[in-house]
Amino acid sequence: MGALLGSIWMPAASAKSCYCETGTSPSSEAPLFWIGCKLWLAGQNGCGSKKIVANGYDYLGSGDSFDSEIAIGYVGHWGSSSEMVDYVNSSVYPLMSRTDSSVIVDNTACLAMSDPEKILAAMSQWAPTFKPGQTLAIRGNQTVSVGEWSILPGFGSMDFPAVVSSTSGTVQYPKCEGFRDNNCFAAAQAGKDAVCENNDGSLTALSCCSVLVPGQGRQRATYVRNELWETETNCGKLGQFLAGHFVADLSSL
């Protein structure tokens, strides 16, 4: 999880309590949420304990003991950054107020960072009340996501995250090189925008849109549409297949 955003993702403590919360609705998808949590926990390092719980778990009333860091994953459905602020206010902030633990929240669902500035504004209210040494980092996706299935081949660029941390006064965005000209999830992300950071530190909005590329195999003489993360000026343009991936070509069309 942390590799994608590099140094902006908080380093793991020597021992941490690892939880993964499953969504509760719809109940028919509960087995999928549970599998997703198993995958998320399998990817966590340095956990002194691992536990799958339902969203809304009463951490303070559970009788659990907590390490110096608590990592909380979430697999299920989500609606907005406002919902994330409400979640922190109801579950995470009380937990930090009653313990000395730092907390990482990794929401793998959709739209938790749809408006990261809203979470950043809330963080400016939470952070001054933390105990010395306590930190909070929240990671979520800016658009509709594929959740933990992003570990599958070809799905890695379909979750477009951002991070808000008490140790940084700005929203931390992923590098554009991991997304531009790479696949997006057309069925759910078409026309959706997300922000990434260029190597010079500037920010760019990429959109999930169609790019025409030369066909492969029997379709070699034709052009086919591929859904990629592109700047809006590239959407609908003719692209090339270079070095194993698609590259939009502004000089075409």
*Under 5 Å, built H, 5+ apart or other chain: amide partners of Ala112*: Asn141
*asked:* In whole Hz and in residue order, list the ³J(HN,Hα) couplings for region 99-109 that follow from phi through the Karplus curve 6.51 cos²θ - 1.76 cosθ + 1.60, θ = phi - 60°; x for Gly and Pro.
replied: 10, 9, 7, 8, 10, 10, 10, 10, 8, 8, 7
*Show the residues, 5+ positions off or on another chain, whose built amide H is closer than 5 Å to the amide H of Gly73.*
Tyr19, Cys20, Glu21, Asp106
*Which entries in Lys16/Lys38; Lys16/Lys131; Lys118/Lys192; Lys51/Lys118; Lys51/Lys175 show an alpha-carbon gap greater than 23 Å?*
Lys51/Lys118; Lys51/Lys175
*Once phi is turned into θ = phi - 60°, what whole-Hz ³J(HN,Hα) does the Karplus curve with 6.51, -1.76 and 1.60 give for every residue of region 69-82, x standing for Gly and Pro?*
10, 10, 9, 10, x, 9, 10, x, 10, 8, x, 5, 5, 4
*Sequence ranges 93-99, 137-143, ranked by mean other-Cβ count within 10 angstrom, highest first*: 137-143, 93-99
*Note down the net charge around Ser101, summing +1 for each Lys or Arg and -1 for each Asp or Glu among other residues with Cβ under 12 Å from its Cβ.*
-1
*Quickly rank 165-175, 111-121 as a protection proxy: mean count of other C-beta atoms within 10 Å, highest first.*
111-121, 165-175
*In nm, give the distance between the simple-model label positions of Ser25 and Ser80, each being 7 Å from the Cα along the Cα-to-Cβ direction.*
1.5 nm
*Tell me which residues come under 5 Å, amide H to amide H, from Ser49 once H is placed; ignore anything under 5 positions away on its chain.*
Lys16, Cys18
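Throughout, read-outs are computed from the coordinates displayed, never taken from laboratory work. Quick caveat, the model's predicted, so the values are computed rather than measured. Cβ: placed from backbone, ideal geometry, glycine included. Neighbour counts: every protein chain shown.
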